[in-house]
1. Any idea what Rg and Dmax come out to for the protein assembly as shown if you just take the C-alpha atoms, in Å?
2. Helix-only mean residue ellipticity at 222 nm, chain B, DSSP H runs n ≥ 4 weighted -39,500 (n - 2.57), per residue, nearest 500. What is it?
3. Quick check on the exposure proxy: order A:H181, B:H204 from fewest to most C-beta atoms within 10 angstrom.
4. Where is the GNM fluctuation largest for chain B (alpha-carbon springs, 10 angstrom cutoff): B:E161, B:E147, B:E217?
5. What's the exposure ranking of A:D133, B:D141, going from fewest to most Cβ atoms within 10 Å?
6. Enter the Cα centre distance for the pair the range A:129-180 and the range B:28-92, rounded to the nearest angstrom.
7. Count charges around A:L85 for me, please; just the other residues with Cβ under 14 Å from its Cβ, Lys/Arg as +1, Asp/Glu as -1.
8. Of all the C-alpha pairs in chain B, what % are more than 32 Å from each other?
Amino acid sequence: MAKSNTSIIDKILNRNEMDDIVNVFPNKVGSQGYDAWGFNMKNMKNNMRFTKYLYDSFYKVEAFGLENIPKEGRCLIIPNHSGQLPFDGMLIGYALLTNQYAPRAPKAMVERFLPTVPFIGNWLSSVGAVIGDPINCERMLDNEEAVVVFPEGVRGSNKLYKLKYQLQRFGSGFMHLAMKHNAPIIPVAVIGMEETIRSYADLKPLAKVLGMPVAPIVIPWVFPSKVYLYFGKPMYFKNDVHKESDVKERVDEVKAAINKLISTGLEKRNADIADKKNEKK
Amino acid sequence: MEQKKKILVTGAAGALAKKVIDKLKKDYKIIAIDFRTKVDLGIPVESYKVDFNKRIFEDVFREHQFDAIIHLGRISAQELNRFTRYNANVIGTKKLFDLARKYNVPQTLVMSTYFVYGASPYNPSLLDETTPLKASELTMDLVDSVELENLSSIYLYKHPELHITVLRPCNIAGPGVRNTFSLLLSEKRSPVLWGFSPLMQFIHIDDMRDAICTAFEKNIPGVYNVAPDDYIGFQDAIKIAGSQRIQIPSVPPSLTEGIARFLKWKSFPPYLINYFKYPVIIDGSLFAKTFGFKPKKTLEDIFTYYRSLK
């Protein structure tokens with residue numbers, strides 16, 4: 001097979017291809033390309049070029065179950081969280097943006113301290129990240145948007161490597177919002193991100209001094225790892241609970257659905273690795 | 001012949017008040033007052049220079065039986081010191097409400113500002129009118145704005161006969177406007193904070209005039225945000241308005257504050273630094289729905305005006 005002459009920069013700056021992708025999804029921005037949460041069409045196009053490189057070439061993502069994403073209307077996308085940095089959110093976002101069944105520009109709820117970081121805060125909001133305030137999420141669901149929520153928060157993304165693929169405690173806010181706003185929940189499993197950046201300790205006193213939620217000790221290297229995304233069937237919950245323990249049961253139902261998708265994903269990955277080994281032999 | 005209704009308009013020397021007076025003077029008898037100067041507004045408009053906190057202010061009420069007050073007069077945070085501002089804006093407004101009660105004025109419209117919500121990294125977007133006012137947590141220089149709101153709310157609920165309407169507009173911009181962010185759009189070089197471009201809303205002065213006149217004529221008491229549902233990043237706004245951006249270091253915050261204190265730029269006051277960092281996006285849908293209001297001028301109209309100044 002002939003070796004491609006296309007450089008990484010060429011791959012990232014493939015402008016025409018991005019325009020084709022971006023121009024197909026519904027445009028809900030104002031006259032200057034912004035929406036009320038700072039999402040900006042121009043910045044998102046630029047960011048997509050980089051994400052496309054990550055998605056196609058670096059993580060070689062394979063996505064399954066994209067037909068489960070509602071073509072339109074409100075929904076909550078609930079994945080496991082991993083990888084120390086928010087690349088899992090970016091890959092899910094890209095999968096939704098380029099979804100052949102119905103492309104959507106999702107929003108993702110992020111940690112509240114991020115807007116205080118120069119450049120990062122603005123960049124994140126320009127590509128669809130929104131601070132994790134329930135009021136924001138309610139407004140976006142009312143606006144019929146697809147919203148990605150990581151109920152584990154930093155407990156999931158910054159967990160130690162030895163805890164990989166073990167779901168951490170889920171907050172219940174997403175379930176309250178799903179019930180109140182009659183929004184379907186799409187459980188998602190992300191396989192492969194756990195291995196990319198590995199944390200071996202969390203220096204809590206340092207985190208406190210820096211005013212950050214965590215201070216992970218990581219190997220300063222992004223290990224290459226193929227990523228699998230599994231989107232499950234929509235889950236619907238009526239707004240008919242009487243106590244918090246009922247909500248927790250429903251949260252556990254979603255957690256179980258994600259765990260099942262994680263198992264499927266890990267099996268698929270193991271099978272792929274075995275196939276590769278057999279091919280080499 | 002039916003006598004024209006009589007309206008007291010405060011802050012008559014301001015660009016917005018002049019536009020409101022100009023629009024209403026055909027149908028109403030306007031009495032204009034300002035603490036700074038006696039404004040010449042043409043023959044049908046009587047004009048006085050008067051301080052709300054002086055006893056002589058009551059003479060205006062003794063002489064005229066008002067049907068409404070449009071209270072646009074406020075000393076902005078760029079003017080005078082904190083103590084004087086508090087006296088004029090808060091104590092002065094209390095005096096105004098008390099006189100409105102004493103002389104049975106059946107309607108009062110009060111102009112506030114979106115600054116009262118405070119610029120915080122934790123603000124959700126589209127703040128509605130029930131959101132707590134946190135500006136005074138950030139700086140003592142905005143205490144008078146928050147207190148003015150609190151006072152208006154107390155009178156609104158305690159004295160419903162006053163029919164108080166409070167308007168909280170986003171950044172007003174356009175010809176003659178001298179607030180902080182409109183000054184920044186009009187300057188050739190404007191300070192911005194390195195790495196921060198908060199989302200902002202702008203309303204053209206002509207649309208704000210129409211919003212005030214509509215709220216006055218429909219008279220539906222309450223507190224309302226006034227803002228279009230169109231947004232722009234602050235640094236983009238500065239660029240599109242034709243200004244050159246001067247990047248001010250944003251970390252550590254104490255350095256930024258030190259620079260602001262040292263430069264003493266009118267358009268980059270230390271107490272507004274957070275507004276250069278974090279968005280305060282307000283939800284104007286209640287006002288739009290209640291009063292059937294839709295701004296006519298676009299963001300591009302606003303920026304075209306500022307570009308024409310350069």
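Since every read-out is calculated from the coordinates, none of them should be taken as a lab result. Bear in mind that the values here come from a model prediction, so they are computed numbers and not experimental data. In this analysis, Cβ positions are derived from the backbone assuming ideal geometry, glycine residues included, and neighbour counts consider all displayed protein chains.
1. When restricted to the Cα atoms of the protein assembly as shown, Rg and Dmax are 28.0, 105 Å.
2. Numbers: 12 runs with 109 residues, N = 310.
It comes out at -10000 deg cm²/dmol, rounded to the nearest 500.
3. So the residues, fewest neighbours to most, are A:H181, B:H204.
4. B:E217
5. With the fewest neighbours first, A:D133, B:D141 line up as A:D133, B:D141.
6. 52
7. Numbers: positive: A:K159, A:R198; negative: A:D88, A:E111, A:E194, A:E195.
Net local charge, A:L85 excluded: -2.
8. In whole percent, the share of Cα-Cα pairs in chain B beyond 32 Å is 25.
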